[in-house]
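*Asks:* Quick one: the structure is below, questions incoming.
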Number of protein chains: 2
Amino acid sequence: MEETFLQSVKYDGEKLYILDQTKLPQVTEFLEINNIEDVWDAIKQLKVRGAPAIGIAAAYGLVLGIKDAPEVDFETFYAYFKKQVDYLATSRPTAVNLFWALKRMDTRNKVESSKPVYEIKRLLEEEAHLIRQEDENVCSSIGENALTLFEDGMTVLTHCNAGGIATARYGTALAPIYLAKERGMDIKVFADETRPLLQGARLTAWELMQAGIDVTLITDSMAAMVMQQGKVQAVIVGCDRVAANGDVANKIGTYSVALLAKAHNLPFYVAAPLSTVDLETKTGDEIPIEERAAEEITAGFGKSTAPEGVKVFNPAFDVTPHHLITAIITEKGIMRGNYSEELPRLFEK
Amino acid sequence: MEETFLQSVKYDGEKLYILDQTKLPQVTEFLEINNIEDVWDAIKQLKVRGAPAIGIAAAYGLVLGIKDAPEVDFETFYAYFKKQVDYLATSRPTAVNLFWALKRMDTRNKVESSKPVYEIKRLLEEEAHLIRQEDENVCSSIGENALTLFEDGMTVLTHCNAGGIATARYGTALAPIYLAKERGMDIKVFADETRPLLQGARLTAWELMQAGIDVTLITDSMAAMVMQQGKVQAVIVGCDRVAANGDVANKIGTYSVALLAKAHNLPFYVAAPLSTVDLETKTGDEIPIEERAAEEITAGFGKSTAPEGVKVFNPAFDVTPHHLITAIITEKGIMRGNYSEELPRLFEK
């Protein structure tokens, strides 16, 4: 297949290619899938991860699942289709985007119910492509907007992985880096390894290297020194959730990096698709923070690195207050401060 | 033997007990040693680590090594003694404190040369005890001074390991915690795991647990959130070197913690024995920073966690500028700012 290092999920009309993220960063392997069972397995086994990528994989999984569906009448076809939907829904019951994508395919199916079944099959494939394309467009637009904040020759620091392999393409925080590369600009990256799960070391460093981008891996504790020495000129991160006042929940350590950026007078940017903006959440205080298992910290590398029974605090996310955020970059534009007023306006456009 | 969890090296007149630090934190094992060869091995194999602890082990190693030395005359004895000195010196040729301790034993030997050899042997054992006791006194004094800054019920955050097992007893940054415990005070600790080598997880958490002190392990990236949530009221760290203006070089990540403490209006304390104060070094800019192997970050725990060939920046230390340091605590007293004037005075007392 052609070079698709930035597309972790890709359908060519016959086969679905899924980057096996469980083998990263040691092995770069694309699964070649032609049946729904293998898609179910890829989602279940976390071979595909990242909310958008899971949704896209599920949509294409359905397309594969209905290839051999009976075409005699809509009712027979729809019953068959529904079985496939219910089956895929069991692959990862906590993945919101999985259900969102299945729901969207179901809705399209119903909308087109008066058409011949062979035509519905084609339209459902079209819908899966649309889901993928729309996510790529969102990422691309975020990249375009973010790129207006960067200059050729800059070096930026990022935390965790808000990259291409979790989305249709480009990612969010990494989108401007990839776009810059496509345009012959030279933007270098420092990647925090991002303890405890090392998404920066395992994923961000990997995908940037794949794309030929100059990336330097550091531990999270080195970001301050890197800034002190003037090695980076900006910070950009992704996010899990943006509250109505602009407070941002993201991977643990993001708040730390935001404070360090502030101390060194560096801009701190958050790349946020509108799907992460939650106006119902007034401030970051209302965002519940998941605490995860102690073993992620005490035995995360295949062997125990801490005393048995040690007390551990392991929050998965932290909240960066809006006043530390220089700009929030969405697919519909850039906001600089005054988030309480600007965020609702994005949904009116 | 009696409870000696805070003493990693202890001599009872016959045997030398050395805590095998290579087995921490999984196994707590004291080596029972009665010959110089096993001391050589313990130093060589890093079973004893930490500058003061190595010096103490070497001094006692000599005591064991001369037990059977001929007592006919001083010349014969001294030749025997010198052989043992030269032998121990080969155990870890880069350890400054090893040579310092051997030199000190040699000097004492020469000073006492007119005495009978059996008496010299006793005085050399006394000298080894003195070396140990003086280090314990330094740590104890730092602890006493630091404790005046703490209150019962406080929780403090520390980075890396400036604890008891690297010294005669008590350590430096952890000394006030141990003294507080001895006095029935309740001071809790958050310990940064301290990537890349995890001294916080492997050593600090371990020794505090051994002493029955309430310790919570976090990744370095969580310190900011812990401060944000008001879980700690102060930070205390050790140091490798203090420049004449009060800039401090210490384990990578210390500068980061200092900035985070500042952002949360928390005091940031440095525990520094006078032996780390270097008035010849004008500022932190003059302190050379060792860069270490990429593998510490990419494959530090028995398996690869980053892409092969990734570029890595791995400084072992960073420099915290004096203006971020609320106080420097030495065995001779506490300095608060104005370090350029106060540091030289310490050496006049």
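*Asks:* Rounded to a whole number of µm²/s, how large is the Stokes-Einstein D of region B:150-346 at 37 °C and 0.692 mPa s, given Rh as the Kirkwood radius over C-alpha pairs? Don't jump to the answer; show the numbers that get you there.
*Replies:* Numbers: Rh = 17.2 Å.
This corresponds to a translational diffusion coefficient of 191 µm²/s.
*Asks:* Can you return the lysines within cross-link range of A:K231? Criterion is Cα-Cα under 19 Å, with same-chain partners fewer than 8 residues away left out.
*Replies:* Candidates past the 8-residue exclusion: A:K188, A:K262, B:K311.
*Asks:* Ok, one more. What are the semi-axes of the equivalent ellipsoid of chain B, taken as the square roots of 5 times the eigenvalues of the Cα gyration tensor, listed largest first and rounded to whole Å?
*Replies:* Numbers: eigenvalues 257, 103, 82 Å².
In descending order, the three semi-axes are 36, 23, 20 Å.
*Asks:* Rounding to the nearest 10 and keeping the result within 0 to 90°, find how far the Cα-based axis of helix A:51-65 lies from the longest principal axis of chain A.
*Replies:* 20 degrees
*Asks:* How about A:K23: which lysines have a C-alpha closer than 16 Å to its C-alpha, ignoring those fewer than 8 places off in the same chain?
*Replies:* Output for A:K23: A:K44, A:K47, B:K303.
*Asks:* Roughly how much accessible area, to the nearest 100 Å², goes out of reach of solvent when A and B pair up, both sides summed, probe 1.4 Å?
*Replies:* On the way: alone 15740 and 15770 Å², together 27160 Å².
Roughly 4400 Å² of accessible surface disappears when A and B pair.
*Asks:* Once you place label points 7 Å from the Cα toward the Cβ at B:Q133 and A:T107, how far apart are they in nm?
*Replies:* Reported label-point gap for B:Q133 and A:T107 is 8.2 nm.
*Asks:* Taking amide H atoms as placed 1.01 Å from N in the peptide plane, list the residues 5 or more away in sequence, or in a different chain, whose amide H sits under 5 Å from that of A:L217.
*Replies:* Those qualifying (amide H under 5 Å, at least 5 residues apart or on another chain) are A:A191, B:K311, B:V312, B:F313.
*Asks:* On a C-alpha basis, how far is the centre of region A:22-71 from the centre of region B:311-342 in Å? Whole number, if you could?
*Replies:* One Cα centre to the other: 53 Å.
*Asks:* For region B:1-107, count the residues as N, evaluate 2.2 N^0.38 Å, and divide the Cα radius of gyration by that value, please. Walk me through the numbers before you get to the answer.
*Replies:* On the way: Rg = 13.8 Å, N = 107, 2.2 N^0.38 = 13.0 Å.
Relative to the rule-of-thumb radius for its length, region B:1-107 sits at 1.07.
*Asks:* Turning to a different aspect of this structure: To the nearest 20 Debye, how big is the dipole of region B:150-346 about its Cα centre, given +1 on the beta carbon of each Lys and Arg and -1 on that of each Asp and Glu? Don't skip to the answer; put the middle values down first.
*Replies:* On the way: 17 positive and 24 negative charges, 71 e Å.
About 340 debye.
*Asks:* Given the protein assembly as shown, what percent of its DSSP beta bridges are antiparallel, to the nearest 5?
*Replies:* Details: 34 of 74 bridges.
Bridges in the protein assembly as shown are about 45 percent antiparallel.
*Asks:* Is there a simple number for the mean count of other chain Cβ atoms within 10 Å of the Cβ of residues in A:224-231, and what is it? Spell out each step's value before the answer.
*Replies:* Details: counts 11, 12, 3, 3, 7, 4, 0, 1.
For this peptide, the per-residue mean of nearby foreign Cβ atoms is 5.
*Asks:* Per DSSP H run of n ≥ 4, the term is -39500 (n - 2.57); total these for chain A, divide by its residue number, and report the mean residue ellipticity at 222 nm rounded to 500 deg cm²/dmol.
*Replies:* On the way: 11 runs with 129 residues, N = 349.
That comes out to -11500 deg cm²/dmol.
*Asks:* Still on this structure, please answer the following. Helix B:74-89 versus the longest principal axis of chain B: what angle, 0 to 90°, nearest 10, using Cα atoms?
*Replies:* Taking the Cα atoms of chain B, the angle to B:74-89 is about 30 degrees.
*Asks:* Using just the C-alpha positions of region B:244-292 as equal point scatterers, what log10 of I(q)/I(0) does the Debye formula give at each q in 0.28 1/Å?
*Replies:* Taking Cα atoms of region B:244-292 as identical point scatterers yields -1.18.
*Asks:* Of the beta bridges DSSP finds with both residues in chain A, what % are antiparallel, to the nearest 5? Numbers along the way, then the final one.
*Replies:* Numbers: 17 of 35 bridges.
DSSP beta bridges in chain A are roughly 50 percent antiparallel.
*Asks:* Binning at 20 Å from 0, report for the protein assembly as shown what percent of all alpha-carbon pair distances ends up in each bin.
*Replies:* In order of increasing distance, the bins hold 17, 42, 27, 11, 3, 0 percent.
*Asks:* Could you give the size of the charge dipole of the protein assembly as shown about its Cα centre, using +1 on the Cβ of each K and R and -1 on the Cβ of each D and E, expressed in debye and rounded to the nearest 20? Walk me through the intermediate numbers first.
*Replies:* Values: 72 positive and 100 negative charges, 72 e Å.
Its charge dipole is roughly 340 debye.
*Asks:* Let me ask something else about it. Ignore the peptide's own chain and count Cβ atoms of other chains within 10 Å of each Cβ in A:163-173; give me the average, rounded.
*Replies:* Averaged over the peptide's residues, the number is 0.
*Asks:* With a 1.4 Å probe and every protein chain kept in, tell me what percent of the accessible surface of chain A is carbon plus sulfur.
*Replies:* 48 percent
*Asks:* Classify region B:163-276 from the C-alpha gyration tensor, please: rounded if a/c falls under 1.5, else prolate or oblate depending on whether a/b exceeds b/c.
*Replies:* Values: a/c = 1.39, a/b = 1.06, b/c = 1.30.
Here region B:163-276 falls in the rounded category.
*Asks:* Can I ask one more? Rounded to a whole number of µm²/s, how large is the Stokes-Einstein D of region B:96-236 at 20 °C and 1.002 mPa s, given Rh as the Kirkwood radius over C-alpha pairs?
*Replies:* Details: Rh = 16.8 Å.
My calculation gives 128 µm²/s for D.
*Asks:* Among the residues of chain A, which one places its Cβ closest to the rotation axis that maps chain A onto chain B, and what is that distance in whole Å?
*Replies:* Residue and rounded Å distance to the axis: A:F301, 1.
*Asks:* Sticking with this structure for a sec: Can you say what percent of the DSSP beta bridges in region A:150-346, counting only those with both residues inside, are antiparallel? Round to 5.
*Replies:* Details: 10 of 28 bridges.
Once the DSSP bridges in region A:150-346 are tallied, antiparallel ones form about 35 percent.
*Asks:* Another question, then. At B:A89, label 7 Å along Cα→Cβ: distances to the other copies, nm, ascending?
*Replies:* 7.9
*Asks:* Right, here's the next one. Hey, any idea what Rg/Rh is for region B:213-254, computing Rh the Kirkwood way over Cα pairs? Can you show the working numbers first?
*Replies:* Values: Rg = 12.9 Å, Rh = 12.4 Å.
Result: Rg/Rh = 1.04.
*Asks:* Placing a label point 7 Å from Cα toward Cβ, how far apart in nm is A:I334 from its equivalents in the other copies, listed shortest first to one decimal?
*Replies:* From this label point to the equivalent ones elsewhere in the assembly: 4.7 nm.
*Asks:* A further question follows. For label points placed 7 Å from Cα toward Cβ, what is the shortest-first list of nm distances from B:E182 to its copies?
*Replies:* Here the equivalent label points are 6.7 nm apart from this one.
*Asks:* Separate question: Can you pull the three principal axis extents for the Cα set of region A:128-171, in Å, largest first?
*Replies:* The principal-axis extents, from largest down, are 37, 22, 11 Å.
*Asks:* Round to the nearest 10 and give me the degree value, 0 to 90, for the angle of helix A:254-263's Cα axis relative to the longest principal axis of chain A.
*Replies:* Helix A:254-263 sits roughly 40 degrees off the main axis of chain A.
*Asks:* Where is the GNM fluctuation largest for chain A (alpha-carbon springs, 10 angstrom cutoff): A:V226, A:V63, A:V215?
*Replies:* Of A:V226, A:V63, A:V215, the Gaussian network model singles out A:V226 as fluctuating most.
The values are calculated or read from the model by the stated rules, or taken from the named source; none is laboratory data. The shown structure was predicted, so the numbers you read here are calculated from the model rather than taken from an experiment. Quick reminder, even Gly has a Cβ in these numbers, built from the backbone with ideal geometry, and neighbours come from all protein chains shown. Ligands, DNA and RNA are excluded from the accessible area calculation, which covers all protein heavy atoms including side chains. Shrake-Rupley method; radii C 1.70, N 1.55, O 1.52, S 1.80 Å.
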